[in-house]
Each structure stands twice: as structure tokens, then as C-alpha cells.
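Novice: One structure coming up, written as C-alpha cells, with questions to follow.
The values are calculated or read from the model by the stated rules, or taken from the named source; none is laboratory data. What you see is a predicted model, and the numbers here were worked out from it, not measured in a lab. Every residue, glycine among them, receives a Cβ derived from its backbone with ideal geometry; neighbour counts consider all protein chains shown. Just so you know, the surface numbers come from the protein's heavy atoms only, side chains and all, with ligands and any DNA or RNA stripped out. Shrake-Rupley method; radii C 1.70, N 1.55, O 1.52, S 1.80 Å.
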Amino acid sequence: MQVTETLNEGLKRGYAITVTAAELDEKVKEKLVEAQPEIEMKGFRKGKVPMALLRKQFGQRLLGEVMQETIDGAMNKHFEDSGDRPALQPEVKMTNEDWKEGDDVNVEMSYEALPEIPEVDLSVISVEKLVVKAEDEAVEEALNNLAETAKDFEARDEGAASEDGDQVVINFVGKVDGEAFGGGSAEDYPLVLGSNSFIPGFEEQLVGVKAGEEKDVTVTFPEDYQAENLAGKDAVFSCTVKEVKAPKAAEIDDELAKKFGAEDLEALKGQIRERLEAEYAGAARAVMKRATLDKLDELVSFDLPPSLVEAEAKDIAHQLWHEDNPEVQDHNHGEIETTEEHSKLAERRVRLGLLLANLGEKAEVEVSDAEMTQAIMAQARQYPGQERQFFEFIQQNAQMQQQLRAPIFEDKVIDYVFEQATVEEKEVSKEDLQKAVEALDEE
């Protein structure tokens with residue numbers, strides 16, 4: 001077998017591989033000799049089938065196997081000897097398309113090698129860690145929001161008309177073309193006006209009704225309504241108002257705290273303070289991570305595999321197009337062209353991705369089984385009742401496993417960079433932190 005370099009330009013590599021017919025024939029013979037003791041054939045005892053007959057019976061199939069194994073072996077040996085790591089799967093093709101048995105096999109292999117990553121002195125990086133304390137005002141605001149979610153309703157004065165935000169208790173029967181339809185009726189149904197839990201236009205027509213009043217509500221089902229027999233149809237709901245109730249916020253006291261699993265009000269305030277500060281810390285980490293990535297991007301420069309940059313730019317363009325066209329849920333659309341802006345962002349992402357991978361490898365950063373299990377469980381919660389199927393799907397899908405592992409690995413590498421860098425804490429207000437977070441989206 002002969003391997004000859006045909007291209008060495010930047011990160012692009014090309015090689016011509018020649019596997020001689022004699023080498024192929026020898027490997028086929030080796031396989032036949034190895035298999036011969038176990039082969040049975042009519043008219044011959046086990047292990048006594050003549051080699052010529054075995055070659056005639058199995059030679060063609062084994063020749064294909066040998067060709068593939070030999071080429072794969074040549075590629076693996078090349079990467080082992082050269083130290084090259086291909087950015088993407090190498091392109092391999094036979095060049096003698098008129099090949100026939102007895103000919104040498106000529107193959108071309110081309111790929112883009114991953115670049116050498118320069119050493120980075122992480123100690124020169126200096127970043128700010130924004131620290132926000134949960135002020136009493138923020139805790140009180142969160143308490144009020146909790147009280148709002150725990151609100152109750154109490155009957156309005158007799159004869160009082162309903163207002164937006166009130167709860168009306170109704171009996172109703174819905175009809176299309178004068179005929180009642182399945183699922184279109186209920187008794188003693190508590191409906192909060194303005195909750196948008198009913199068909200568009202329904203709740204608005206019940207603003208101003210009084211207990212004991214009867215009212216026909218006319219609506220049109222949306223064209224995309226889940227029940228196809230009702231989609232786009234006009235309907236009339238005959239409603240009887242049983243009660244009209246006004247919202248009443250829950251009292252902020254120990255009883256409210258107990259509803260949310262705390263021993264008393266002070267304990268609930270403490271939990272809220274911890275939750276708020278954890279949220280602030282998460283936002284501050286995102287700001288510090290971006291600043292750190294910016295510093296790393298300034299510190300390093302190396303050649304990038306064009307194929308990786310091109311693929312990343314296409315992904316960015318595709319993602320941004322769908323954000324601008326949310327009504328398109330599938331991928332049945334024309335080709336989306338990449339711009340210079342997409343390519344510049346792609347270069348940054350590829351550069352930082354390769355750098356972080358290199359830093360993580362040198363620091364021996366690993367994602368543990370426990371961390372992967374936690375990530376899978378978090379994703380599985382999005383599919384209630386199907387958690388087990390989701391787990392099995394992930395176990396059988398290496399690509400999905402990598403998608404879950406990648407962000408965990410990246411965050412652990414970033415934590416490693418933080419440990420090496422100079423981090424200065426700076427106490428700021430919640431508003432300042434919010435501005436810093438908003439600036440991330442603007443970049």
C-alpha cells in the first residue's frame with residue numbers, strides 16, 4: 001500500500017492511496033484460511049472444503065470487505081502517524097472508476113485538519129463579577145406577586161355588574177347551526193374574565209353581566225382550532241350567570257407562607273431572598289461569561305477550517321431566519337443565504353469552540369454520568385408521562401447525547417477559566433444588572 005501527499009495548503013490536506021491487487025488478494029486468502037475450519041459445504045466434511053471452491057463461493061464478498069478494511073486501516077494509520085485530526089468526516093473516493101478484479105485500487109482522501117491551538121495565559125484575563133443583593137423592596141414585590149397568585153374571589157354586592165378580572169360562575173350551552181356540540185356545555189363553571197382561557201371574544205362579552213342574568217355569547221372558532229369540526233365555525237353560547245365575584249388578594253401573613261411550604265412569613269421572605277439572589281447570580285454569570293469569551297477572542301488567533309465556519313454560518317442564518325419567521329415551523333423553505341455578518345459570528349463561535357475544547361482537554365475537564373443524568377432528567381420533564389421513552393431515546397442517540405453534554409462541558413471549562421483569571425466583585429443595583437443582561441442581546 002502506498003500513501004502519497006497531494007495537497008498541503010493551510011489546513012487542507014489531500015492524499016492518494018494505492019492498494020495493490022496482490023495485497024488485496026493476500027488479505028482475501030487470509031480471511032478464507034481463517035474461516036475454512038468452520039465452513040461446511042455439501043459433499044465435503046467440515047473444514048475440508050477446497051480453497052479454490054471457497055474463493056469461488058465467497059471471494060467476491062470478501063474482496064469488498066477487504067477493500068473497505070484496508071482503506072479504513074490506511075486512514076487510521078495516517079491520522080495516528082501524522083497527528084492530524086479532521087475537522088469533519090474525510091471525503092474518500094475511488095479514482096479508477098473502471099476498476100475490475102485484479103486491478104490496484106486507487107483512492108483519494110481529502111479533509112481539513114483541525115488547527116494547532118496556541119497556548120493561552122489565562123492569568124492575564126481580568127473580569128468583573130457583578131453582585132446584586134436582594135433589597136427589601138424586591139422581596140416585597142415578589143411577596144405581592146405570590147399573594148396575587150394565591151388570590152381568592154368573594155361575591156360582589158347584589159346587583160353589581162362584573163368587571164374585567166372578576167370571576168363569573170356560569171352555566172352554558174354552546175350551539176353551532178342551532179345544534180349543541182360535544183364539550184360545549186358546563187354547569188357552575190368559574191371563569192375569570194380577562195384570563196383568555198376561552199375562545200377569543202367570549203370573555204369580553206360577559207363584562208357587565210349580573211348574577212341571575214342570561215346572555216347569548218356569539219363567537220367564531222379560530223381556523224386552527226384543535227377540533228376540526230368546529231374550526232372556523234360561528235357558535236352561540238347560551239349563558240346563565242350564577243354568581244359574580246371580585247378578586248381578593250391573599251393576606252401577606254404566616255398563613256400565606258404556609259401555603260407555599262414555609263413555616264412562617266419570615267421564612268418565606270428568606271426563601272424569596274435566596275431565590276432572587278440566585279437569579280441575580282445566574283444573570284451575572286452570563287454577563288461575566290460573555291466578557292470572558294470576548295477576552296479570549298482577543299487573545300487568540302489561528303487558522304479556522306473553512307468547512308466548519310461555513311456550516312456554522314449556515315446554522316446561524318437558518319436560526320435567525322426562523323426567529324424572523326416564527327410562523328414557519330418546518331424546514332420546507334428556500335435556501336437561506338449567509339451574509340458577512342453571519343460568517344463573522346461563525347468565525348468567532350468556531351474559534352472559541354475549538355479553544356474551549358482544547359482548554360478542557362488540557363485541564364482534563366469531564367462531564368460525569370451524574371451530570372448527564374441530571375441534564376437528561378431536566379429535558380425529560382418537558383415530556384410528562386413519556387420520561388422513560390425519552391431516556392431510552394437519548395441512550396440510543398449519540399448525537400442527542402452530545403447536544404446535552406456540550407453545554408455542560410463548556411460551562412465547566414468556563415469555570416476553569418474563571419479560576420485562573422482575576423475576578424473582581426462589583427456590587428451593583430438590580431437595574432444595572434438588567435442593563436448589562438440586555439446589552440448581551442444587543443451584541
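Novice: Pairs, please: C-beta under 9 Å, at least 6 apart or cross-chain, first residue at negative phi and in the range 172-185, second of a type in the set (Asp, Glu)?
Specialist: Correct list of pairs: PHE172/GLU187; VAL176/ASP234.
Novice: Only one residue in LEU62, LEU53 is farther than 27 Å from THR18 by Cα, open to solvent by less than 80 Å² (accessible area, probe 1.4 Å) and either at pLDDT 85 or above or of a type outside the set (A, V, I, L, M, F, W, C) (or both). Which one?
Specialist: Criteria check complete, one pass: LEU53.
Novice: Residues VAL219, VAL244: which one is touching a Gly at 6+ places or on another chain (Cβ under 6 Å), under 17 Å from PHE172 (Cβ atoms) and open to solvent by less than 40 Å² (accessible area, probe 1.4 Å)?
Specialist: VAL219
Novice: Across the range 16-47, what is the total count of residues that are in contact (Cβ under 8 Å) with a residue 60 or more places away in the chain and either closer than 13 Å to GLU69 by Cβ or part of a strand (DSSP E or B) (or both)?
Specialist: 5
Novice: Can you tell me which residues in the range 123-149 are surrounded by 15 or more Cβ atoms within 10 Å (Cβ to Cβ) and not in a strand (DSSP E or B)?
Specialist: Of everything in the range 123-149, those that are surrounded by 15 or more Cβ atoms within 10 Å (Cβ to Cβ) and not in a strand (DSSP E or B) turn out to be ILE125, VAL132, ALA134, ALA138, VAL139, ALA142, LEU143, LEU146, ALA147.
Novice: Please find, among ALA231, ALA250, the residue that is surrounded by 11 or more Cβ atoms within 10 Å (Cβ to Cβ), in contact (Cβ under 8 Å) with a residue 40 or more places away in the chain, of a type in the set (Gly, Ala, Ser) and more than 16 Å from ILE170 (Cα to Cα).
Specialist: ALA250
Novice: Looking only at the range 89-112, decide whether some residue is in contact (Cβ under 8 Å) with a residue 40 or more places away in the chain, surrounded by 18 or more Cβ atoms within 10 Å (Cβ to Cβ), of a type outside the set (Asp, Glu) and under 30 Å from LEU355 (Cα atoms).
Specialist: Yes: one or more hits.
Novice: Right, next: Determine whether the range 252-266 contains at least one residue that is of a type in the set (Phe, Trp, Tyr) and at pLDDT 95 or above.
Specialist: For the range 252-266, residues of a type in the set (Phe, Trp, Tyr) and at pLDDT 95 or above: absent.
Novice: Residues in the range 284-311 that are assigned to a helix (DSSP H, G or I), out of contact with any Ser or Thr (no Cβ under 9 Å at 6 or more places or on another chain) and either of a type in the set (S, T, N, Q) or farther than 30 Å from GLU128 by Cα (or both): how many?
Specialist: 5
Novice: Which of the residues that make up the range 90-120 are in contact with a helix residue (DSSP H, G or I) (Cβ under 8 Å, 6 or more places away or on another chain) and of a type outside the set (A, V, I, L, M, F, W, C)?
Specialist: PRO90, GLU101, GLY102, ASP103, ASP104, GLU112, PRO115, listed by residue number.
Novice: Hey, does the range 158-168 have a residue that's within 42 Å of the chain's Cα centre (by Cα), over 30 Å from PHE260 (Cβ atoms) and not in a helix (DSSP H, G or I)?
Specialist: Scanning the range 158-168, I find no residue that is within 42 Å of the chain's Cα centre (by Cα), over 30 Å from PHE260 (Cβ atoms) and not in a helix (DSSP H, G or I), so the answer is no.
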